[in-house]
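The values are calculated or read from the model by the stated rules, or taken from the named source; none is laboratory data. Only a predicted model underlies this, so the values are computations on that prediction, with no experimental measurement involved. Note that each Cβ is placed from the backbone with ideal geometry, even for glycine, and that neighbours are counted across all protein chains shown.
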Amino acid sequence: MSRLKRADRPYDLVLFGATGFVGTLTAEYLAAHAPQDLRWAVAGRDERRLRRLRERLPGGADIGVLRADVAEPASLYALAEHARVVATTVGPYVLYGEDLVAACADTGTDYLDLTGEPEFVDLMYVRHDARARETGARLVHACGFDSVPHDLGVHFTVAQLPEGVPLTVDGYVTADAAFSGGTLASALNQFARGRQMLAAARERGRHEPRLIERRVTAPTGAPRFAGEVGAWALPLPTIDPQIVRRSAKALQRYGPDFRYRHYAAVRHLPVALGGIAAVGALLTAAQLPAARRWLSDRLRPGDGPSAQKRARSSFSVRFVGEGGGRRVFTEVAGGDPGYDETAKMFGEAALSLAFDDLPPTAGQVTTAQAMGDALTARLRAAGITFRVAAGG
Ligand SMILES: NC(=O)c1ccc[n+]([C@@H]2O[C@H](COP(=O)([O-])OP(=O)(O)OC[C@H]3O[C@@H](n4cnc5c(N)ncnc54)[C@H](OP(=O)(O)O)[C@@H]3O)[C@@H](O)[C@H]2O)c1
């Protein structure tokens, strides 16, 4: 365990990767919305750029600056020791993320990230969950658009349904997707690692305790026209259904037999077919080093959609939940999913871990499991819609 007890640490929160695209948006969000007495620091590998960032943030004089580099594990350990909570945007996580997870697990520091990489999440479970349980660290992955609206949206939907009965929830996602350099790099890297991803999932399966007397599944649904939401439903192979499944396994409230299916909702068939073709092309390109390099060169680290483009973007996730003779329609909705709302979700999740009165959890946990209603309340207060829709 760390030499410094959690309460004695100089910072409540350290934001690592603060000079990147989403890191900067998160720093701006925290500077504008965090409580005045938050003791926090921006961290990254370039101290000069960190100082420049701090200078233009409101209240910047009170924000600490910490240098750390993923190539220097001791610097990551020092970050973990200096904070109660560390939030990191430094991805692709499967390449850059593990040493910080290890340091947080070892020092009892709460950790959160923006990964959408299943391989990384599974490996971190296998390698660091046990140590985090010993020290009390909460390791919370996927705290951005992957997977907060889906995980908390299902949690919110389940709360509208009867207790103690089998439940099903289908989620239908509509969102404007634009890549930042970091997101493109992470997606290409993940797409090129199909074999490693399956191996990590199998290894996790060997370590994870089996559920007793409950069943939780997240099958890949078939493409179909979903009359209940008036759109074509295409199975969406993101990390989200895996996260929802883990929340359902951890939380008894999801009932004795729970099923979640995750779809993209597309109104017009040609758009749906175009979407499938685009994902297929990206998957194919990711397998070819030359094509991967060409694509990576289109968007460099630090690049991302402009403020104007983000202002025109939005997302909506509609859920249809059923169980115990009741059917409910709910929705989670907001603005630009990938960046502005991701920075908000990430910032609020970090503040929730730092300050909210949360259920006692430790080890690798999901947003629903670790923060649940407290984070939903924060996001509602910050302008993200969670509602029971007409027809429910
Ligand atoms: N969950 C979601 O919905 C969601 C949404 C958006 C993004 N993301 C993920 O978030 C991550 C960041 O995205 P982004 O667009 O912000 O990427 P980005 O602009 O490339 O930022 C990456 C950050 O990593 C830092 N970094 C890289 N190598 C480092 C090293 N050796 N030591 C210390 N720091 C290092 C960079 O530092 P410098 O500033 O010094 O270069 C930068 O701060 C990606 O993995 C992306 O997939 C997830």
- Message: Please go through region 2-20 and give me each residue that is at pLDDT below 95 and within 13 Å of the ligand (Cβ to nearest atom), ordered by number.
- Response: none
- Take the residues of region 334-357 that are under 30 Å from G164 (Cα atoms) and surrounded by fewer than 20 Cβ atoms within 10 Å (Cβ to Cβ): which is farthest from the ligand (Cβ to nearest atom)? D357
- Among the residues of region 254-268, which ones are surrounded by fewer than 17 Cβ atoms within 10 Å (Cβ to Cβ), modelled with pLDDT of 95 or more and among the charged types (D, E, K, R)? D257
- Task: Return a yes/no flag: does region 44-63 have any residue that is under 21 Å from G144 (Cβ atoms) and in contact with a Gly (Cβ under 8 Å, 6 or more places away or on another chain).
- Result: yes
- Of the residues in region 3-50, those that are farther than 24 Å from A307 by Cα and in contact with a Phe, Trp or Tyr (Cβ under 9 Å, 6 or more places away or on another chain) number 9
- Right, R56: among the charged types (D, E, K, R), touching a helix residue (DSSP H, G or I) at 6+ places or on another chain (Cβ under 6 Å) and more than 9 Å from the ligand (Cβ to nearest atom) or not? no
- Would you tally the residues in region 238-261 being within 18 Å of G338 (Cα to Cα) and in a strand (DSSP E or B)? 0
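For every residue, the table says whether it meets (1) in the same structural domain as T217 (by TED's automatic domain parsing); (2) more than 16 Å from the ligand (Cβ to nearest atom); (3) of a type in the set (F, W, Y); (4) surrounded by 14 or more Cβ atoms within 10 Å (Cβ to Cβ).
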residue	(1), (2), (3), (4)
P270	yes, yes, no, no
R292	yes, no, no, yes
S306	yes, no, no, no
F315	yes, no, yes, yes
R318	yes, yes, no, yes
- Task: Report yes if some residue within region 42-51 is within 9 Å of the ligand (Cβ to nearest atom) and in contact with a Leu (Cβ under 7 Å, 6 or more places away or on another chain); otherwise report no.
- Result: yes
- Task: Mind counting the residues in region 36-61 that are closer than 22 Å to R9 by Cα and modelled with pLDDT under 95?
- Result: 5
- Among (1) under 30 Å from K309 (Cα atoms); (2) surrounded by fewer than 21 Cβ atoms within 10 Å (Cβ to Cβ), which single condition is G116 missing? (2)
- Query: Could you count how many residues in region 83-100 are within 15 Å of V14 (Cα to Cα) and within 14 Å of the ligand (Cβ to nearest atom)?
  - Reply: 6
- Message: Which of the helices (runs of 4 or more DSSP H) found entirely inside region 1-104 contain at least 1 residues meeting this: over 23 Å from the mean Cα position of the chain (by Cα)?
- Response: 47-55, 73-82
- Query: Out of (1) buried (at least 20 other Cβ atoms within 10 Å of the Cβ); (2) of a type in the set (F, W, Y); (3) over 22 Å from the mean Cα position of the chain (by Cα), what's the single condition that is false for F329?
  - Reply: (1)
